[in-house]
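Beneath this line is the structure, given in structure tokens, with notes to follow.
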Amino acid sequence: MSDAPTPLRVLVTDNIMSRFAAELTENGSGTEWTIANTWSEQQILAALPNTDVLVCSSMSSQMAVTAPGLRLVHVTGAGFDKIPLADLSPGTRVANTFHHGEAIAEHVIMTALMLSRRVIPVDREMRAGRWHTVANDLTVPFHGTLRGRTLGLLGFGGIGQEVARLASALGMRVRAVRHNPAGAVPDDLTLDWVGGRGDLPELLGSSDVVVVTVPLSEATRGVIDARALGQMRPTGILINVARGPLIDEDALVEALTEKRIAGAALDVWWGAPSGDGAAPAAVVRFAGFDTVVLTPHYSGHALRTFQLRAADIAANVDNLAHGRPLARVVH
């Protein structure tokens, strides 16, 4: 390993990470950083043959083929499902970064509170000039507290563990279903119960708030289907911060329409935005429910998340420049 760093050429095509140029470039090492998030596809393809590191959230097969000398693809988040691994040159490594767990956990608690306290319909009433409370309208329900309720986690990775910490701090009981129910639990967490994937009905039937954090795979696609929704409590709330296709869209619309569950918070969707600022078509199906909180996959978009991610990426590029081992290599 040489003490002198190898000058690297880094191309940043990710929109979000382009806003953190100062954090990315503060290490120096003679690295040339090019912010290319506004470039056309042709401009990017022309630059890739002379690029050592690509910082991106997604990459096409054509981009991979055009960059045989690429040494590192650094994904700007945890997921690398939009990187064509099979098309990369054998010498190209892929690394990722995280730091979104805390922000997503706060989002989960926020939406659980919004739904359990009927914030959407109450806000709408107030804007229309109506003041309905338990003090002047006997039909208005009392809202509960999260303390004493049960939160069920489908998935107990980094995000699930951060959700468990906040829920426990609020006095909730936390249960989880995970791939390996005998897996280690962090020392600062105590779970009320842990089951395997086959125990999902037990989790759904015993939880007031069900949070989906499991990764999407062929084994988990549609895991929350009509049958699973039927196993939830009528007062249950479903929160999805993982991937849209984990839930059967039609079944969820039906369950909400028939009031077989109390509400849902959806931060992830079926289908991607068109690129022109329009929301996915599925959003229209849920927009009419005042028991649903809709957000544009932004639960992890805290400033701190991306400051820490930028620091990770800069450190890994510096590792590569100095011949040190890379962190968080996934391929």
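Data for the structure
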read-out	value
Pairs where the first residue, in segment 5-31, is closer than 16 Å to H74 by Cα and the second is among the charged types (D, E, K, R) and assigned to a loop (DSSP other than H, G, I, E, B), C-beta under 7 Å, 6+ apart	L8/D52; R9/D52; V10/D52
Identity of the residue in segment 156-171, part of a loop (DSSP other than H, G, I, E, B) and touching a helix residue (DSSP H, G or I) at 6+ places or on another chain (Cβ under 9 Å), that ends up nearest to T97 (Cα to Cα)	G157
T235 vs. criteria among the β-branched types (V, I, T) and either more than 22 Å from the chain's Cα centre (by Cα) or farther than 13 Å from L151 by Cβ (or both)	yes
So A105, is it in a helix (DSSP H, G or I), of a type outside the set (F, W, Y) and either touching a helix residue (DSSP H, G or I) at 6+ places or on another chain (Cβ under 7 Å) or at positive phi (or both)	yes
Cβ-Cβ under 6 Å pairs, at least 6 apart or on other chains, segment 171-186 side closer than 20 Å to G148 by Cα, far side of a type in the set (V, I, T)	R173/T150; A176/V194
Pairs where the first residue, in segment 108-123, is in contact (Cβ under 8 Å) with a residue 12 or more places away in the chain and the second is in a helix (DSSP H, G or I) and open to solvent by 60 Å² or more (accessible area, probe 1.4 Å), C-beta under 7 Å, 6+ apart	I109/L166
Residue within segment 313-323 that is in a loop (DSSP other than H, G, I, E, B) and more than 27 Å from V108 (Cβ to Cβ) present	yes
Segment 302-331 - residue that is out of contact with any strand residue (DSSP E or B) (no Cβ under 6 Å at 6 or more places or on another chain), of a type outside the set (A, V, I, L, M, F, W, C) and over 11 Å from G77 (Cα atoms) and, of those, most open to solvent (accessible area, probe 1.4 Å)	R304
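The values are calculated or read from the model by the stated rules, or taken from the named source; none is laboratory data. Just so we're clear, the structure is a prediction, and the values are computed from it rather than from any experiment. Virtual Cβ from ideal backbone geometry, glycine too; neighbours counted across all protein chains shown. Quick note on the areas: whole protein, heavy atoms, side chains included, nothing else; ligands and nucleic acids left out. Shrake-Rupley method; radii C 1.70, N 1.55, O 1.52, S 1.80 Å.
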